[in-house]
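Presented below is the structure to which this report refers.
Derivation of every value follows stated rules applied to the coordinates shown; laboratory data play no part. Owing to the predicted nature of the structure, the values given are computational and were not obtained by experimental measurement. Cβ atoms come from the backbone with ideal geometry, glycine included; neighbour counts cover every protein chain shown.
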Amino acid sequence: MNNLIPEQIKKDIQVWVTGHYFQIAVFNLIIILMFLLYSAGYFDPYLRITINIIVLIGLIVSIPLLNAGSRAILTVAILFWLFAAFLRVVKIEVWAERTVIYAYEALLLGVILLIKENISFSQKRKT
Amino acid sequence: MKNILIIRFLKKYLPYLFLVSLSLIPLFWLINRPGILINGSDTNFPLNPEIWFTRRLFVWNSVVNAGMDFSSSMAGLFFHFLQFLPYKLGLGLQQVQIFTLIFWFAAIIFSSFFLAKTMLPKKRILQILFVVFYTFNTYIFNTWENVKVANLALVAAIPLVISIYLKLVGGKINLAKAGLLALVGGISLSGAGINPAYFLTCLFSLAIFFLASLFVDFSWQNVLKKAKYFLFVNAIVFVVNLFWILPTTNYIFKSITATSSIQSIGYTNWIDSLSENTSLLNVARLQGAWDWYAVDSSTNTPLYIPYAYRYFNNPFFIGFSLVFLFLSILSFIFFEKEKKLYYLAFSIALVLGLFLGAGTHSPTGVVFRFLVTKVPFFSLFRSPWYIFTPLLFLSYAGLISLLFYSLSEKMQKLNSLQIKQIKTLRMLLNSVVLLLILGNLVYNYPLVMGRIYRPAMSDNFLINFPTYVFDAGKWLNESKFETRVIGYPNDEIERFSWGYNGVDSVLGLISNQETLFSSLNQADFPISRVIAEFYRTVKRDELSSASLIANKLNVGVLWDKKDQTTLSLPLPASIADKKHLAVFGKWEFLDFPTNKLAKMYTADKIFFDRSNTKGEKILGLLASQSILVNPNDSVVGSIAKTSIFTADAIVAGNSQATDYWDFINTKSNLIDRLTSRNLEKVDFTFQIEKQADYSLHLERFKLEEFGLDIGSNLKVKLDGKDVELRVKNSDDSFVHFESIVLAAGEHQLSFGLDNKNLIEDGNFNQSVLTYETEGEGEFQKIAEGTASFVVGYNASGKDAFLNVPLTPFDPRLPYMVEVKYKQIYGNNAAIVIRQQNTKNMIKSQVERFPNYPEWKNFSFYYQPVETNSQTTISLVVSSVKDALGTKILYDDLAVYKVFTNNLVLLEKNTNKLLPGEVSFVKVNPTLYRGKVTKATGGNIIVFSDNYSANWKMRLVNSNGKKLDFDVPHFSTNLYANAWYLDNLPESYDFEIYYEPQNLFIAGMTISLLAATTIIGGFVYFRFIHKTKKLYE
């Protein structure tokens, strides 16, 4: 399995992981904490922690912690959409609709990031 | 050399040939169908395009149900001009329709091609990809199916308007050319004004591109420059459309409050029902239209959209529906910086299109609902899926084209590949694009092949109008009746045996004859209440009342549609036998017996409506020139002299009718079923404002069947005391009693009724059970001492019924059913009422009783469908899984007619206005000129078009000069206009005009001036200025 991944990509991932040890740990902790709160029914009924909220928070915190750019977030959107497509094809409609909501959230975040990354401010040349 | 030229020629013109051939698709929808027109339901293709075009030159449409504001419909002026022009040139109706369909198909194709060329110059195959994805999609099926003016205009205009802005920003065109193109865009967008929300969506999509253009290169200098271009395009589109914007804005601001729902202008607020199937999954696949999901509950087959089944179940169709969003998001991964403006704009359109298109569907629906309730006038976006989805497929077309553009660009830049490999890859890429184009055309086969018109279904849109429709239209246009025509039967949807169905009268398609009918869209309007009362009296054979109401409605002709598929009762013989003015095929036009009161007349007597929203019940009693006014109307109150001429008109509350309607209008509950009801007495309650003589009028309908003998005086109780009501006379509608003096205050008048139980052996006292049974259960008559009852036992797997026929049965009357029951064991006791005709079950009402092991009374009302039918009441012993079965005892089954007749009290007042004589001329639907002669004292002029504060009266002297006189204007007869004129000479001239027409004239003048200036500017810069420069 390890041999299937090209060397360069492996190296890139290693470099990225080495540079983000702490952030990855924090990211994982947040997700774990969210799942714990979810299973304990915390904040219910004032704020129900749902899988949707966990997905959304995961997507949002990945931006500052994992330096996720628009491309990464939009890739997540594609994956969610493909999973939703699979669920629709096998006619599990309810799950498909739920998954599309995650895809939409990722798309929305991705588009916001895309705009942010591409806003360019022209500066007057100093003469 | 010749081959090279041919190849070059083909390379250059083949895409255009392809686009032109796509534009001709509508030709194939109708080519093998001689005489057929796409029409019906929401599609209103005029059978006389000239009438429809000219109707849109006026802000008031007087043809439909006593007139309506027509502000936004004027936006269809260009759309209907395109029908009017070829019609005037002599083309047949089908040719006219084909011409307009091709025009709009081509408009969408070439408008999107224009944007594709701006976005991806010299990339022909990608341009075609854009066009095909924009023009052919499942959203647009509905647009074409109903040939929706607003949607077509919006879809055709969006790419054009965006392109103009982008070309301006890119410096590709000058302002003169941009102005001319914006003029074209504005004209093609004008149809969207029929629903202003569509018009705003086009400007919204332009704003998205403006915003994106700011993002990609933000500096104050750029902001100003781009804002200038953005405003320039907007301004031209806006000014060109001023002819409808001015009256429509006036109408919206006057009719709808900023925060209220659109219900205030009479439409049903249907956002939630339209958003029922707009989940993000469905919206993303462009499958959010509600009618796709309507299925027959028994067969699970689509009710309206036969091809929807294929889209839901066929793997290719499911797969392809998922491709759009996938490729669109994928395009961001292969982001090409050079086109970032387009990426940003389409990405915003994508995200917003998904969110807004979903409407109030969860989870994003919470935000949409917030916008509807909090943002002023946002409730105008009442059909979110239909209004906003163009943003979505615009972004799909754009992003998918950009994906392949980006891939081809990236391929070019791959240094590691040889030219041959690049060529192969490019061919491969082009093949994928071609496959996508082809796939999309196959995916949208209902549009390509005309299946959107559901040719295989009985209620399809392909209509062959019988010749008698055209003959009748011609006759009506030539006859120029001064009275209105009212249609019968009165179904809210006209369904003809030859296929056409519509919510408005079909006569409107072919004639300018003013027509009345039951309106589906305006059910709560005052005029609809009066029309409904007219039909009620007709069905009850109350000809005198019907005639008086007809006078108030200005009805002179009854149009009996014998080809209408209906459950409605046939016309009573007393009306059906009236003089036939004309017969065309299955259409008969009858001379309705009225005084033929003109649309404008002077009133002689005023009644104050003290009916508590039942004023229409009084109209059937008021003499022709007597009018009914609202005593709480501040304008009426301000007229000092009214108290001299007015009298009170009161509709008494009927205790049986009140209980019945409370039951019908209340959600099903047990409290109102576990009570006993006494229908052998009816109490009329009423409030008297001032002591006076009042004449009493009791509705005549079937009084004898309730034991009321109108041949002699009636003994009743007034406020608990015995009194005798002396019958003065009677007609087919009312029994008129001598007047009695009533003091101010609340009163109760009680009538004893001989209301017989319609079930002969309801207490099962006969020696044998005479009723038929159904099912495998057993019913036995048991006698215990003097009492007897029926025992039902059922251990079979199916319900068992004891069927008791209801005779005599009159569907015009409501019924009260009561029975005693005792549940011994097993399933609950129940009653089923089945109303059926010789062919079909009409209505079935099931009443399931609560578990109760002692004798218990259960009573409820049954509201029959008013159609020729028989009714059976079935006592049910339901099946149960338990092997012991069900055992129920029933006794004292009784069915009574409900006495819903009205009692009207009219105050006696012998003072009468001395009405002058009115003569008038209808100049056009928004202007009437008239003259009053022999006027003495105060005069009330009634104008029987729907009341609107925008109707104004102007008095003019014999020289046509306006007289400065403030005329009080108020509503009368629930729906009409009235003006009170006093202190005027014996004869005077007047004009009644609909004020917003001035806004149309002003708007049209500005629009035409702007168009002339733009064209002039373009000609000057294109030719004169250029020539001058050459000489210099």
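Charge tally for B:Q766 (other residues, Cβ to Cβ under 11 Å; Lys, Arg +1; Asp, Glu -1): -1.
The mean count of C-beta atoms from other chains within 10 Å of the C-beta of residues in B:341-347, rounded to a whole number, is 3.
Within the shell of other residues whose beta carbon sits under 12 angstrom from the beta carbon of B:V629, the net charge comes to -1, with Lys and Arg scored +1 and Asp and Glu -1.
With one equal scatterer per alpha carbon and no solvent term, the Debye-computed log10 I(q)/I(0) for region B:954-1020 at 0.16, 0.25, 0.26 1/Å reads -0.73, -1.11, -1.13. The separation of region B:677-707 from region B:70-146, counted between C-alpha centres, amounts to 62 Å. Mean per-residue shielding of peptide A:79-92 is 3, counting Cβ atoms of other chains within 10 Å of each Cβ.
Over all other residues within a Cβ to Cβ distance under 9 Å of B:K822, the charged ones net out to 0, with Lys and Arg as +1 and Asp and Glu as -1.
Distance between the C-alpha centres of region B:810-855 and region B:960-985: 56 Å, rounded to the whole angstrom.
Using alpha carbons only, the radius of gyration of region B:666-820 set against its Kirkwood radius gives Rg/Rh = 1.11. The trypsin sites (Lys or Arg not before Pro) of region B:324-428 that DSSP puts in a loop, and whose beta carbon has at most 12 other beta carbons within 10 Å, are B:K413. Per residue, the average separation of C-alpha pairs within less than 8 Å and at least 6 apart gives chain B a relative contact order of 11 percent.
Once you divide the Cα radius of gyration of region B:898-952 by 2.2 N^0.38 Å, the number left is 1.70.
Counting Cβ atoms of other protein chains within 10 Å of each Cβ in A:103-112 and taking the mean gives 6.
Bridge orientation summary for the protein assembly as shown: considering DSSP beta bridges with both residues in this region, about 90 percent are antiparallel. Remark on region A:1-115: Rg and Dmax equal 16.3, 50 Å (Cα only).
Per the Debye formula on identical point scatterers at the alpha carbon atoms of the protein assembly as shown, with no solvent, log10 I(q)/I(0) at q = 0.04, 0.06 Å⁻¹ is -0.30, -0.66. Loop-located trypsin sites (Lys or Arg not before Pro) across region A:1-92 with a Cβ neighbour count of 14 or fewer within 10 Å are A:R48, A:K91, with loop assigned by DSSP.
Could you tell me which of rounded, prolate or oblate describes chain B, using a ≥ b ≥ c as the square roots of the eigenvalues of the alpha-carbon gyration tensor, with rounded for a/c under 1.5 and, failing that, prolate when a/b is larger than b/c and oblate otherwise? It comes out oblate by the Cα gyration axes. Cross-link partners for B:K423 among the lysines, with Cα-Cα distance under 23 Å and sequence neighbours closer than 8 places in the same chain left out: B:K11, B:K12, B:K122, B:K123, B:K410, B:K413. Among the chymotrypsin sites (Phe, Trp or Tyr not before Pro) found in region B:750-811, not one is both in a DSSP coil and sparsely packed, with 12 or fewer other Cβ atoms within 10 Å of its Cβ. Among the lysines of chain A, pairs at least eight places apart or on separate chains and with Cα atoms under 30 Å apart come to 4. Against the main long axis of the alpha-carbon atoms of chain B, helix B:2-23 sits at an angle near 20°.
Under the criterion of Cα pairs below 8 Å and six or more residues apart, the relative contact order for region B:768-894 equals 36 percent.
Take every Cα pair under 8 Å whose residues are at least 6 apart in sequence, average their separation, divide by the length of chain A, and the relative contact order is 22 percent. If you take the square roots of the eigenvalues of the alpha-carbon gyration tensor of region A:28-94 and sort them as a ≥ b ≥ c, do you get rounded (a/c under 1.5), prolate (a/b over b/c) or oblate? Taking the square roots of the gyration eigenvalues as a ≥ b ≥ c, region A:28-94 is oblate. Angle between the Cα long axis of helix B:77-88 and the longest principal axis of chain B, 0 to 90 degrees, nearest 10? Result, in degrees: 90. In terms of Cα atoms, the Rg and Dmax of region B:342-381 work out to 11.4, 33 Å.
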